[in-house]
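**Student:** After the structure tokens below, expect a handful of questions from me.
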Amino acid sequence: MANVAMPGGAAFSRRDFLEGLQGVGGTALLMAGMSALGFGIDSAAAAPPTLSGGNGKRVVVLGTGVAGLTSAYELTNAGYDVTVLEARDRVGGRSYTARKGTRLTELGGEAQVCDFDEGYYINPGPWRIPYAHRGYLHYARKFQVGVELFNNDNDHAYINFEKGTGPLAGRPVRKQEIAADTRGYATEMLAKQVRQGALDQEFGPGDKELFLDYLRGEGYLTRNDFRYIGADGRGPDVDPGAGLDPGPGKPSKPHALTDILHSQTWRTLQSVAPLDQQRTMFQPIGGMDQLPAGFVRNLKPIIRLGHVVEKISQSPESVTVAYVDRRGQRGVVTADYCVCTIPLSVLSGIDLQVSPKFKEAISGVSYALVGKIGLQMKTRFWEENHQIYGGHVYFDDPVIGIVSLPSTGWLGPKGVILGFYPHGAAAAQMSAMSLADRKAYALAAGQKVFPEYAQSCDGSFSIAWHRVPFNMGGWAQWTEEGRAKYYPTLLEPDGRLYLAGEHLSYLTGWQEGGIESAWQQIAKLHKRAMAQA
Amino acid sequence: MRARTVAGAAVAAGALLVAPCALAQASGAALFSKYCAACHQAQGQGIKGAFPALAGDALVQGDQKTAASVLLHGRGGMPNFSEDLSDADIASVLTYVRSAFGNHAPPISVAAVAAARGGASAAQDDQSALPGH
């Protein structure tokens, strides 16, 4: 494809540009013939396996994240005699909520106590539930854990990109302006090509006219000559209202295409296009720890907190888990089977009696570096002064990534903002900072967008998951090679040891992966137990 | 992010022509405290049972390609930095780690990192502003 000549001599590939449009609408799909939009990931299973006849066979479950809780709940209901060991003094694993008094000390870090007011919280781990994650929603329904909408895309939020150039770089710009203008210019350009006959070979009878109709509507182009001169959806300079003043208000003019392109802001437009980012998105009312709490309400008292696994050994007849409890007492649990949901990053450091091949596979995946900070704000200035209700403000500083406004407590007195969400090397960088420096870094970034930001903050809680004991990472990051070489090994039991968790799914980093992995693994376990009964 | 990393690498590579050891040390030390120290600790002593010590470690001081592979591909709980750090950055930080904390191993070249990466040396441009979870 030819490059578009830009003022100043810069050349810009049209394909680069069009690829940024995925999130705007179906435009890119038509333009580039992209099937890539289909890469979002739906979950495959809608309900747990139907199991019965466990007949008192003993199962020890390690870990109380959603994979462990799912395993324990379903196996108990199927008649197994289940014991659950949890290293921490709470259940939930990464399905976690930080609120007033929550304590966390990262490895090599300072002691931290969450200083939010009563009733306010941040979800430092998973925070949003895609509609396609039917396993999660199955248990939310079953345990009557209420959910509310999570606003994953806000047209009126800002983009604050500093690394581009031109008048739209280095200042907050409303996303709706960038979306409308980008879509307008792209459709205008394409309409021009189509009308000149450049794409005639692409069309069958009657296609061309329909496609032009589509482009005109898609880009809000002028009726007769297909020009983009602005769109209502980009927001007016003066809002329409009553009477004559403001009366009809004053429409706004589009930004120049070159300014949009060079600001790089258009890169944000694709961000919520993948299937697992689409509307409808949910969050549990009251915090992510509510689903684990729902499991606990419905499980017999079989969970032993503060039990750290030291060793897993096996004989032909049984599996034995050695632990040390919070008082330093050592003990063992012997069972017919073990379902181990300990993250591989942690499991690789535990003494395991498994085959060399299995042991090697456990170390065959790396874990995501990722972190978050919750910032409690004295007022909801983003709502009151900026008319932004939930959604994300985008930054091209990778240590910030996004600032996300809460989808709960609307119009209330206070709120907790997600102040950064860095990944990879940027998360490593964040985690090297002291708690105070992390907060200061987050506040300085937010201040560039909201003048009220730093002065409004009266509480914070930050986390770097790769430094959290018993997690040692955000989620499993399989490479193609690891998927081929190690993943299949870990899906099969080693002796009487079954692994489960998000790391054994293609929904890594999602609770749904943990739940559906548990369903698969306990179904395998049950089939074997029944065969041996 | 990419642009900055690449620019930093270019500076480091240029500097090597002038005073190889001292400047590689400075750049490597800065990269270490920025990206590595949070887990492996400031003196490379690690945290027992969680993050391996780099001081005195055989793998760190061993084969160049193996050492580079750990940063490029991850290992156990260790993440991979292949998309975040350039080959020059990886060479620089590894060279530092191999000579700091009482370690005594020769520098690692950019070419050795590129070889360990297996051809595709350019970091991919991250198009997505919103992380996937």
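**Student:** Testing the spin-label approximation: label points 7 Å from Cα along Cα→Cβ at A:R141 and A:Q532. State their distance in nm.
**Tutor:** Each label point is offset 7 Å from its Cα along the Cβ direction, giving 3.5 nm.
**Student:** Still on this structure, I have one more. Give the share of C-alpha pairs in each 10 angstrom bin for the protein assembly as shown, from 0 to the last occupied bin, in whole percents, shortest bins first.
**Tutor:** Reading the bins upward from 0: 3, 14, 23, 24, 20, 11, 5, 1, 0.
**Student:** Determine the gain in length on full extension of the stretch A:E118-A:T280; use 0.36 nm per residue of separation and subtract their C-alpha separation, reporting nm with one decimal. Let's see the in-between values first.
**Tutor:** Values: separation 162, 0.36 × 162 = 58.32 nm, distance 2.90 nm.
Length gained, A:E118 through A:T280: 55.4 nm.
**Student:** Using the Cα centre of the range A:479-533 as the reference point, and only Cβ charges (+1 on K/R, -1 on D/E), how large is the resulting charge dipole? Debye, rounded to the nearest 20. Provide the component values of the computation, followed by the final result.
**Tutor:** Working: 6 positive and 7 negative charges, 67 e Å.
Dipole magnitude for the range A:479-533 comes out near 320 debye.
**Student:** Within the range A:129-191, report the trypsin sites (Lys or Arg not before Pro) that DSSP leaves as loop and that have at most 16 other Cβ atoms within 10 Å. Walk me through the intermediate numbers first.
**Tutor:** Values: sites: A:R134, A:R141, A:K142, A:K163, A:R174, A:K175, A:R183; in loops: A:K163.
Here the sparse-neighbourhood loop sites are A:K163.
**Student:** What is the Cα centroid distance between the range A:359-427 and the range A:474-518, reported in whole angstrom?
**Tutor:** So the two Cα centres are separated by 27 Å.
**Student:** Still on this structure, please answer the following. Counting helices only, and only those DSSP H runs with n ≥ 4, report the 222 nm mean residue ellipticity of chain A as the sum of -39,500 (n - 2.57) divided by its residues, in deg cm²/dmol to the nearest 500. Before the final figure, lay out the partial values.
**Tutor:** Details: 17 runs with 154 residues, N = 533.
Calculated at 222 nm, the ellipticity per residue is -8000 deg cm²/dmol.
**Student:** Can you work out ³J(HN,Hα) from phi for every residue in the range A:326-332, in order, using Karplus 6.51 cos²θ - 1.76 cosθ + 1.60 and θ = phi - 60°, giving whole Hz and x for Gly and Pro?
**Tutor:** 5, 8, x, 6, 9, x, 9
**Student:** Just in the range A:324-357: which trypsin sites (Lys or Arg not before Pro) are loop by DSSP and have at most 11 other Cβ atoms within 10 Å? Spell out each step's value before the answer.
**Tutor:** Values: sites: A:R326, A:R327, A:R330, A:K357; in loops: A:R326, A:R327.
Sites meeting the loop and neighbour criteria: A:R327.
**Student:** Please sort by residue number the chymotrypsin sites (Phe, Trp or Tyr not before Pro) in the range A:359-426 whose DSSP state is loop and whose Cβ has at most 15 other Cβ atoms within 10 Å. Before the final figure, lay out each step's value.
**Tutor:** On the way: sites: A:Y367, A:F381, A:W382, A:Y389, A:Y394, A:F395, A:W410, A:F420; in loops: A:Y389, A:W410.
When the chymotrypsin sites (Phe, Trp or Tyr not before Pro) of the range A:359-426 are filtered for loop state and at most 15 Cβ neighbours within 10 Å, A:W410 remain.
**Student:** Net charge around A:N152, counting only other residues with Cβ within less than 14 Å of its Cβ (Lys, Arg = +1; Asp, Glu = -1)?
**Tutor:** Numbers: positive: A:R128, A:K175, A:R279; negative: A:E148, A:D153, A:D155, A:D276.
Computed value for this residue: -1.
**Student:** Can you give me the long-range amide H partners of A:F420? Hydrogens built in the peptide plane at 1.01 Å from N, cutoff under 5 Å, separation of 5 or more residues or another chain.
**Tutor:** Distant-sequence amide H within range of A:F420: A:I373.
**Student:** Could you check the spin-label model distance between B:A42 and A:L244? Points 7 Å from the Cα along Cα→Cβ, value in nm.
**Tutor:** 7.1 nm
**Student:** Got a sec to turn the phi values of the range A:205-212 into Karplus ³J(HN,Hα) couplings, 6.51 cos²θ - 1.76 cosθ + 1.60 with θ = phi - 60°, whole Hz, x for Gly and Pro?
**Tutor:** Using θ = phi - 60°, the values come out as x, x, 5, 4, 5, 5, 5, 5 Hz.
**Student:** Along the charge dipole of the protein assembly as shown, Cβ charges K/R +1 and D/E -1, which of A:G459, A:V333, A:L490 sits furthest on the positive end?
**Tutor:** A:V333
**Student:** Under 1.5 on a/c is rounded, so check that first for the range A:165-234, then, if it is not, pick prolate when a/b is larger than b/c and oblate when it is not; a ≥ b ≥ c are the square roots of the alpha carbon gyration tensor eigenvalues.
**Tutor:** Because a/c hits 1.5 or more and a/b exceeds b/c, the range A:165-234 counts as prolate.
**Student:** Ok, one more. If amide hydrogens are placed 1.01 Å from N in the peptide plane, which non-local residues have theirs closer than 5 Å to the one on A:G473?
**Tutor:** Close amide H contacts, sequence-distant or interchain: A:H466, A:R467, A:V468.
**Student:** Can you classify the range A:266-412 as rounded, prolate or oblate using the Cα gyration tensor, where a ≥ b ≥ c are the square roots of its eigenvalues, rounded means a/c under 1.5, and otherwise it's prolate if a/b beats b/c and oblate if not?
**Tutor:** Prolate, since a/c reaches 1.5 and a/b exceeds b/c.
**Student:** Could I get the Rg over Rh figure for the range A:232-280? Both from C-alpha atoms, Rh via Kirkwood, rounded to two places. Before the final figure, lay out each step's value.
**Tutor:** Values: Rg = 16.1 Å, Rh = 13.6 Å.
Taking Rg over the Kirkwood Rh, I get 1.18.
**Student:** What longest range of chain A stays clear of loop-exposed GluC sites (Glu not before Pro) (DSSP non-H/G/I/E/B, at most 11 other C-beta within 10 angstrom)?
**Tutor:** Numbers: sites that count: A:E110, A:E118, A:E317.
Within chain A, the longest run free of exposed GluC sites (Glu not before Pro) spans A:318-533.
**Student:** Now a separate question. Using alpha-carbon positions, what is the distance between the centroids of the range A:223-272 and the range B:50-82, in Å?
**Tutor:** 51 Å
**Student:** For the range A:229-337, what does the alpha-carbon gyration tensor say about shape, rounded, prolate or oblate, given a ≥ b ≥ c as the root eigenvalues, a/c under 1.5 as rounded, and a/b over b/c as prolate?
**Tutor:** Numbers: a/c = 4.68, a/b = 2.97, b/c = 1.58.
Cα axes put the range A:229-337 in the prolate bin.
**Student:** Another question, if that's okay. Which entries in the list A:K100/A:K372; A:K163/A:K439; A:K163/A:K448; A:K378/A:K439; A:K357/A:K527 go over 19 Å, if you measure between the two C-alpha atoms of each?
**Tutor:** Numbers: A:K100/A:K372 17 Å; A:K163/A:K439 22 Å; A:K163/A:K448 14 Å; A:K378/A:K439 16 Å; A:K357/A:K527 24 Å.
Violating the 19 Å Cα-Cα cut-off are A:K163/A:K439; A:K357/A:K527.
**Student:** Still on this structure: Between A:K300 and A:E360, with labels modelled 7 Å along Cα→Cβ, what's the label distance in nm to one decimal, could you check?
**Tutor:** Those two pseudo-labels are separated by 4.2 nm.
**Student:** Roughly how many debye, to the nearest 20, is the charge dipole of the protein assembly as shown about its Cα centre, given +1 on each Lys and Arg Cβ, -1 on each Asp and Glu Cβ, and no other charges?
**Tutor:** On the way: 61 positive and 61 negative charges, 279 e Å.
Rounded to the nearest 20 debye, it is 1340 debye.
**Student:** Another one. Would you tally the net charge around A:M281, using a Cβ to Cβ cut-off of less than 12 Å, leaving A:M281 out, and scoring K and R as +1, D and E as -1? Before the final figure, lay out each step's value.
**Tutor:** Details: positive: A:R128, A:R279; negative: A:E148, A:D153, A:D276.
Neighbour charge sum, excluding A:M281 itself: -1.
**Student:** Related question: How would you rank A:C338, B:C39, going from fewest to most other Cβ atoms within 10 Å of each one's own Cβ?
**Tutor:** Working: A:C338 29, B:C39 25.
If I rank by nearby Cβ atoms, fewest first, I get B:C39, A:C338.
**Student:** To the nearest 20 Debye, how big is the dipole of the range A:264-316 about its Cα centre, given +1 on the beta carbon of each Lys and Arg and -1 on that of each Asp and Glu? Write out the running numbers ahead of the final one.
**Tutor:** On the way: 6 positive and 3 negative charges, 21 e Å.
Here the size comes out at about 100 debye.
**Student:** Right, something else. Using the Karplus equation 6.51 cos²θ - 1.76 cosθ + 1.60 (θ = phi - 60°), what ³J(HN,Hα) coupling, rounded to whole Hz, does each residue of the range A:290-304 give in order, writing x for Gly and Pro?
**Tutor:** Once θ is set to phi - 60°, the couplings for the range A:290-304 become 6, 6, x, 4, x, 4, 4, 4, 10, 9, 5, x, 10, 9, 9 Hz.
Since every read-out is calculated from the coordinates, none of them should be taken as a lab result. The structure displayed is predicted, hence computed values, not measured ones. Note that each Cβ is placed from the backbone with ideal geometry, even for glycine, and that neighbours are counted across all protein chains shown.
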